[in-house]
Amino acid sequence: MSAPRRELISGFKAELPLLIGVIPFGMIYGVLALAAGMPAGAAQAMSTIVFAGSSQFISTQLYGIAAPGLVIFITAVVVNLRHALYSASVAPYLKCLNSRWKWLLAYLLTDEAYAVAITHYQQTEDNLDCDRPDARHWFFLGAGLALWATWQLSTAVGIFLGAQVPASWSLDFTLALTFIAIIVPGLRDRPSLAAALVAGVTAVLFFALPYKLGLIIASLVGVSVGLWIEAKA
Amino acid sequence: MNLWLTMIAIGLATFAIRLSFIYLFGKVEMPDLVKKALRYVPPAVLSAIVFPELLLPGGHFDLSFGNGRLIAGVLAAAVAWRTKSVVLTIVTGMAVLYILMALGL
């Protein structure tokens, strides 16, 4: 088997365990989007156009309470800002690729694809030499496509099932659990831990603010506290 | 129409965020403060989403043993800390939640 093909399949396989959190999450997104009054076509299109689960969730909730478009936009951007970190983190490994590859992999750069791709880059040979190209971007592509296809399909299933997924199954809780799984292992230094705790408590305190503005305030306060603790240390 | 415009704007912004450093690598040096601040964006944003999910189920503050989501979330966090496994974290959280629900909590 050729190296690109082998990498593509490995990436696909490495992504599979993460899909058990993504499938219910995508279904619930589809269900909630319809419940919020979004047309089925728009709900499905959002999974392709935005392709970022947590911001889709929150946009849907805001749409359901008739929040202004600008508020939805700003909230979604704040929620997705963390992808800039992923972008910075994978950038050195993608520097030799042509623009087409960079654009494609940027589109596929979700929490779950990033987690798998960066681990693969870090655990394999430390090759950043453009004169010796390797095939590891195919691994990234495999992981990204596995997630992309799963997200589109599970959204479609959610839209199709609609109200038939009972709220009593509490499948929406998989979102919180997926985020817990992503953040908790990284909270091993004081500034990160402080950023997380302060942002969380602030979000609870400001929860009653309209349009989930508390989320934006909490995020800003959390990041500031992280920087402050880091500067003090 | 407004819905589609908002959606496309979010999509373009999200793509720009994801492409940002991949595209700019080697072309522009990012200010140190931005790089440092970015490190704290994931824990801050994700906690700001998770905490209300655990502490305000149904929109009402509930810091008690009757709050199944809080207990399930805390135990799932302990599993995430120990194992770093996404699968085990989700399975633990959902299992605990279902058990507590079955017990009538």
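A short reminder: the numbers here are calculations on the coordinates, not readings from a lab. Remember, it's a predicted structure, so these values are computed and weren't measured experimentally. So basically every Cβ, Gly included, is an ideal-geometry build from the backbone, and we count neighbours across all protein chains shown.
Please compute, for peptide B:79-89, the average count of beta-carbon atoms on other protein chains lying within 10 Å of each residue's beta-carbon. Write down the numbers at each step before the final one.
Values: counts 4, 10, 5, 2, 2, 4, 3, 15, 7, 2, 9.
Other-chain Cβ atoms within 10 Å of each residue's Cβ, averaged: 6.
Rounded, prolate or oblate: which fits region B:40-105, taking a ≥ b ≥ c as square roots of the Cα gyration tensor eigenvalues, rounded meaning a/c under 1.5, else prolate when a/b beats b/c?
oblate
Per residue, what volume in Å³ does the convex hull of the Cα atoms of region B:1-46 enclose?
Taking the convex hull of the Cα positions in region B:1-46, it is 97 Å³ per residue.
Give me the distance in nm between label points sitting 7 Å out from Cα along the Cα-to-Cβ direction at A:TRP103 and A:LYS232, one decimal.
A separation of 4.7 nm, rounded to one decimal place.
Determine the distance separating the Cα centre of region A:150-224 from the Cα centre of region B:65-105; give it in Å without decimals.
After rounding, the separation between the Cα centres reads 15 Å.
Which whole-number percent gives the relative contact order of chain A, counting Cα pairs below 8 Å spaced six or more residues apart? The partial results should precede the final answer.
On the way: 264 pairs, mean separation 73.6, N = 233.
Computed over chain A, the figure is 32 percent.
Roughly how crowded by other chains is peptide A:200-210, in terms of the mean Cβ count from those chains within 10 Å of each of its Cβ atoms?
Rounded to a whole number, the mean comes out at 5.
Please average, across the residues of A:103-110, the number of beta carbons from any other chain that are within 10 Å of each residue's own beta carbon, and give a whole number.
Details: counts 5, 0, 3, 10, 5, 1, 6, 2.
Counting Cβ atoms of other protein chains within 10 Å of each residue's Cβ and averaging gives 4.
Let me have the 222 nm mean residue ellipticity of chain A computed from DSSP H runs of 4+ only, each contributing -39500 (n - 2.57), with the sum over all residues rounded to the nearest 500.
Theoretical 222 nm ellipticity from helices: -24000 deg cm²/dmol.
To check my understanding: the extent here is largest minus smallest coordinate of the Cα atoms along each principal axis. What are those three numbers for region A:84-150, in Å, largest first?
Here the spans come out as 35, 25, 21 Å, largest first.
From zero up to wherever the largest Cα-Cα distance of the protein assembly as shown sits, split into 20 Å bins and tell me the percent of pairs in each.
31, 61, 9, 0
Hey, can you rank B:9-16, A:52-59 by average C-beta count inside 10 Å, highest first? Present the calculation step by step, with values, prior to reporting the outcome.
Details: B:9-16: 19.5, A:52-59: 24.2.
Packing proxy ranking, top to bottom: A:52-59, B:9-16.
Where the Cα atoms of region B:1-80 are projected onto their three principal axes, how long is each span, largest first, in whole Å?
Largest first, region B:1-80 extends 54, 39, 20 Å along its Cα principal axes.
Report the full-extension gain for the segment A:ALA149 to A:ALA42: residue separation times 0.36 nm, less the Cα-Cα distance, to one decimal in nm.
Working: separation 107, 0.36 × 107 = 38.52 nm, distance 1.75 nm.
Gain on extension, A:ALA149 to A:ALA42, equals 36.8 nm.
Which peptide among B:21-28, B:56-63, A:103-110 comes first, and what is the full order, when sorted by highest mean count of other Cβ atoms within 10 Å?
Numbers: B:21-28: 15.4, B:56-63: 12.5, A:103-110: 21.0.
Sorting B:21-28, B:56-63, A:103-110 by mean packing, highest first, produces A:103-110, B:21-28, B:56-63.
Based only on the alpha carbon positions, what is the Kirkwood hydrodynamic radius of region A:29-74, in angstrom?
10.3 Å
Suppose the chain between A:PHE160 and A:ALA3 were pulled fully straight at 0.36 nm per residue; how much longer would it get relative to their current alpha carbon spacing?
This chain segment gains 52.6 nm when fully extended.
With a ≥ b ≥ c taken as the square roots of the eigenvalues of the C-alpha gyration tensor of region A:79-201, please select rounded if a/c is under 1.5 and otherwise prolate if a/b is larger than b/c or oblate if it is not?
Because a/c hits 1.5 or more and a/b fails to exceed b/c, region A:79-201 counts as oblate.
Starting from the Cα of B:ALA102, move 7 Å in the Cα-to-Cβ direction to define the label point; list residues of region B:41-81 whose amide nitrogen is under 20 Å from there.
Counting backbone N atoms under 20 Å from the label point, the list is B:66-76.
List the residue ranges in chain B for DSSP H helices whose C-alpha atoms run 30 angstrom or more along the long axis and whose Kyte-Doolittle average is 0.5 or above. Walk me through the intermediate numbers first.
On the way: long enough: B:2-24 (32 Å, 1.61).
Length and hydropathy pass: B:2-24.
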